[in-house]
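The values are calculated or read from the model by the stated rules, or taken from the named source; none is laboratory data. Model, not experiment: these values are computed from the prediction. For neighbour counting, all protein chains shown are included, and Cβ atoms are generated from backbone atoms with ideal geometry for every residue, glycine included. These accessible areas exclude ligands, DNA and RNA; they are computed on the full protein's heavy atoms, side chains included. Shrake-Rupley method; radii C 1.70, N 1.55, O 1.52, S 1.80 Å.
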Amino acid sequence: MATTRWILLLAALLVAAAESARPSPRASRLPESIERFLASVVRPTSAERDLLLRGSPIAKLLESDPGLEVAVFGAIWIKAAPAKYVAAVKDIERFERGGAFRITRRISAPPRLEDFAEMTLPEEDVRDLKACRVGDCQVKLGQSQIERFRASVDWTKPTAKADAERVFRQIAFESVAGYLEGGNGRLAVYRDHLRPASVASEFESMLERMPSLAESLPSVRQYLLGYPNAVLPGSVDFLYWQETTFGLKPTIRISHVVIEESEKETVVASKMLYASHYFCTGLELRVLVPDPARGSGFWFINVNRSRSDGLSGFTGRLIRGRVRSGVADGLLSALTATKIRLESQTPQGASSLLH
């Protein structure tokens, strides 16, 4: 009888252990806000959804006009506090370094010309600027900026590269100062192609194609559109520039980051103000959603949309596939690197996809 009681007790303990190890019904689902977004926008396959629930990253291109936008969704579960990610983003120079990121520098508040001292131009860009004309330029610039290079740089001198970089740094500094003072209306109207491309108009049009942003994050949307007149209480923001390898050539980018933290979720929005190649503008939304049913940690949701005027036509078709696959592959790598970094006890530099 004693032996029977011990066997029954052992069986009960094994059953209890199995029950505790089995995910609860809620843990086998994502938070409701994420479920709604997946169902209405992402529409992942059952295999992709299973991967996500098992803790693996997924990256999926979203529906968009292939000649106009690149849009990608990514997600992963990270067993760390959201505050740890926020701290990493604030230390942007360390967080986005190595790999595709050649250099990343945070811009002072207020900005200083010295913030751009390390900004250099690839040899290919210097050659292109020498031949740059309004309506025909390989570097994204406005009309006055193109004319400035033509007036300020003597391309026959041995100092031409240094002089071009000096002009480029000054333009970058003035562009940032203008944006901080006047918002989107002070961003460039690109004249690298025959058809002018207004960064402000392209950004607003891009947001209109993101109805989910208006529904779930109305205050963030209004802030992105109305800055600097719009306010986002409790948020912090900063600007930074970086040189990154993307597509076929190195690209210099300037971005505005805003971070809004709450108990419900943390939102990190990165707005592309300038890119020397490929893109007119872009927006990367990173939403950190706790899930108590799953345990300590958060779902890291990433939605990246970039607007381009170089993906249409014959030339655009040649590079479109590489750009789209590069965005998806880059996001998948970034999600994995972010997870490894945040879950590590001794974090190393990690990368994140920004446009």
_Count of residues meeting criterion [part of a strand (DSSP E or B) and open to solvent by 10 Å² or more (accessible area, probe 1.4 Å)] in the stretch 255-272_ = 2
_Anything in the stretch 163-181 that is among the small types (Gly, Ala, Ser) and either crowded, with 16+ Cβ neighbours inside 10 Å or in contact (Cβ under 8 Å) with a residue 12 or more places away in the chain (or both)? List them, or say none._
ALA164, ALA172, SER175, ALA177
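Give the stretch 15-43 a look and list any residue that's modelled with pLDDT of 50 or more, part of a helix (DSSP H, G or I) and not hydrophobic (A, V, I, L, M, F, W, C), or say none.
Taking the stretch 15-43 and keeping what is modelled with pLDDT of 50 or more, we get 27-43.
So of that shortlist, the ones also part of a helix (DSSP H, G or I) come out as 32-42.
Within the stretch 15-43, GLU32, SER33, GLU35, ARG36, SER40 meet the criteria.
Working carefully through the options ALA164, ALA109, ALA117, ALA197, find the one that is out of contact with any helix residue (DSSP H, G or I) (no Cβ under 8 Å at 6 or more places or on another chain) and modelled with pLDDT of 95 or more.
Only one candidate qualifies: ALA109.
Name the residue that is farthest from the chain's Cα centre (by Cα), counting only residues in the stretch 60-75 that are assigned to a strand (DSSP E or B) and either under 20 Å from PRO290 (Cα atoms) or without any contact (Cβ under 8 Å) to a residue 40 or more places away in the chain (or both).
The extreme case among them is ALA75.
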_Search result, residues across the stretch 235-248 that are over 18 Å from ALA109 (Cα atoms) and over 17 Å from the mean Cα position of the chain (by Cα)_ = LEU248
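Kindly indicate whether any position in the stretch 234-254 is farther than 22 Å from LYS140 by Cβ, open to solvent by 10 Å² or more (accessible area, probe 1.4 Å) and assigned to a loop (DSSP other than H, G, I, E, B).
yes
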*With ARG221, ARG209, ARG191 as the choices, which residue is within 26 Å of LEU121 (Cα to Cα), of a type in the set (D, E, K, R) and open to solvent by 40 Å² or more (accessible area, probe 1.4 Å)?*
ARG191
*Just wondering, is there one or more residues in the stretch 299-322 that are open to solvent by 10 Å² or more (accessible area, probe 1.4 Å), of a type in the set (Phe, Trp, Tyr), modelled with pLDDT of 90 or more and over 20 Å from ILE34 (Cα atoms)?*
no
*Looking only at the stretch 136-162, and only at residues there that are loosely packed, with under 13 Cβ neighbours inside 10 Å and in contact (Cβ under 8 Å) with a residue 12 or more places away in the chain, the one that is nearest to the chain's Cα centre (by Cα)*: ASP136
